[in-house]
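A.B. asks: Can you read through this structure? Questions will come right after.
The values are calculated or read from the model by the stated rules, or taken from the named source; none is laboratory data. Just so you know, these numbers come straight off a predicted model, no measurement behind them. Note that we place each Cβ from the backbone using ideal geometry, even for glycine, and neighbour counts take in every protein chain shown. With ligands, DNA and RNA removed, areas are computed over all heavy atoms of the protein, side chains included. Shrake-Rupley method; radii C 1.70, N 1.55, O 1.52, S 1.80 Å.
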Amino acid sequence: MKEALEQLRKKAQDELGAASNKDEIQALRTKYLGRKGELTQILRKLKDISPEERPVIGQLSNVIKESLQAQIEERLQHIDVASRDEALTEEKIDVTLPGRATPYGTTHPITAVSREICDILSVLGFSVVEGPEVEYDYYNFEALNIPKDHPARDMQDTFYVEDDVVLRTHTSPVQIRVMEKMKPPVRIICPGKVYRPDSDVSHTPMFHQIEGLLVDKGITFGDLKGTLTYFLVQVFGKNTVLRFRPSFFPFTEPSAEVDIQCVMCRGEGCRVCGQSGWLEILGSGMVDPELYKTVGYDSEQISGFAFGLGVERIAMLKYGISDIRLFYEGDQRFLRQF
Ligand code: DAH
């Protein structure tokens, strides 16, 4: 009996060694370990052998059964891994499949309008400079002739970072930074983000401005008028009607706001222009001599003009957008139109 068992173990192991696929191995499992399998048959005969031999044979058959089971499992697992590896190495790349398209975005309308404005002004010889968005109180207010407690500060609600550090409320501080660094002639524009704690259909806490500054010998208000007229005609079309309206800014003297005739109603008066027929487009003026004193320019020798405009406002008028907040909601249905 013991010999028969050993023989069976050897035969089973040889056959398992020779088996080369899953089906063959599974067939061997049935052949030896199945309900009618060879080992099972032998175990059934246990009751016929003598009580002394029974425990020995019983134990041996169990050992053989377990080791066969383990070997079969291991072979099956091996074959699984091997066939997966084979599948992987045999996999071919189908070069005729269409590629996976990368969805690409469009230029944000504010970026597009900013660039357009800078392009127009570059043609006139202005070069683009940038300044910091987190700015000293000194550059944002003080050096622009807006001392502490001056009522002009109320015109621009401000985010404070520290006592003397703010998020810039306009791009005008760049005027000072540039004049501190270079001697006239100066002819620069500065596009960038500015911040004010406001939020409604025409205000967002962050928005964009473009500042312009030209300082040279013999610059007059006529140069300011000519430059801004050319510029606005380029942006809004050759039939654009302009008016220069006296105004006040602490850093220009005299100051003027520039309006265009309402693009919606052509001056008739409508909701967009508040029935006035005119739209405010930008602030401007002749640079106040106080600023020259601050940066060490000789105001007897030179003169110049400055202007500042809101990019969102221009984009809204150009595209007929009635709520400024649409620019920053990230809604693709809106953004894809540009
Ligand atoms: N900085 C002003 C503002 O944000 C706009 C402005 C007005 C800029 C007149 C200028 C200027 O350069 O000359 O309200």
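A.B. asks: Filter region 281-294 for residues that are more than 9 Å from the ligand (Cβ to nearest atom) and open to solvent by less than 20 Å² (accessible area, probe 1.4 Å); which is nearest to Leu228 (Cα to Cα)?
C.D. replies: Within region 281-294, the match that is nearest to Leu228 (Cα to Cα) is Ile281.
A.B. asks: Okay, next question. Among (1) assigned to a loop (DSSP other than H, G, I, E, B); (2) surrounded by fewer than 16 Cβ atoms within 10 Å (Cβ to Cβ); (3) more than 14 Å from the ligand (Cβ to nearest atom), which single condition is Gly226 missing?
C.D. replies: (1)
A.B. asks: Please enumerate the residues belonging to region 204-223 that are more than 27 Å from His108 (Cα to Cα), β-branched (Val, Ile, Thr) and not in a strand (DSSP E or B).
C.D. replies: Residues satisfying the conditions are Ile219, Thr220.
A.B. asks: Checking the condition at pLDDT 80 or above and either within 30 Å of Arg336 (Cβ to Cβ) or not aromatic (Phe, Trp, Tyr) (or both), which residue from Lys2, Lys10 passes?
C.D. replies: Working: Lys2 fails: at pLDDT 80 or above.
Only one candidate passes the filter, namely Lys10.
A.B. asks: Quick check on Gly304: is it under 37 Å from the mean Cα position of the chain (by Cα), within 15 Å of the ligand (Cβ to nearest atom) and closer than 30 Å to Lys181 by Cβ?
C.D. replies: no
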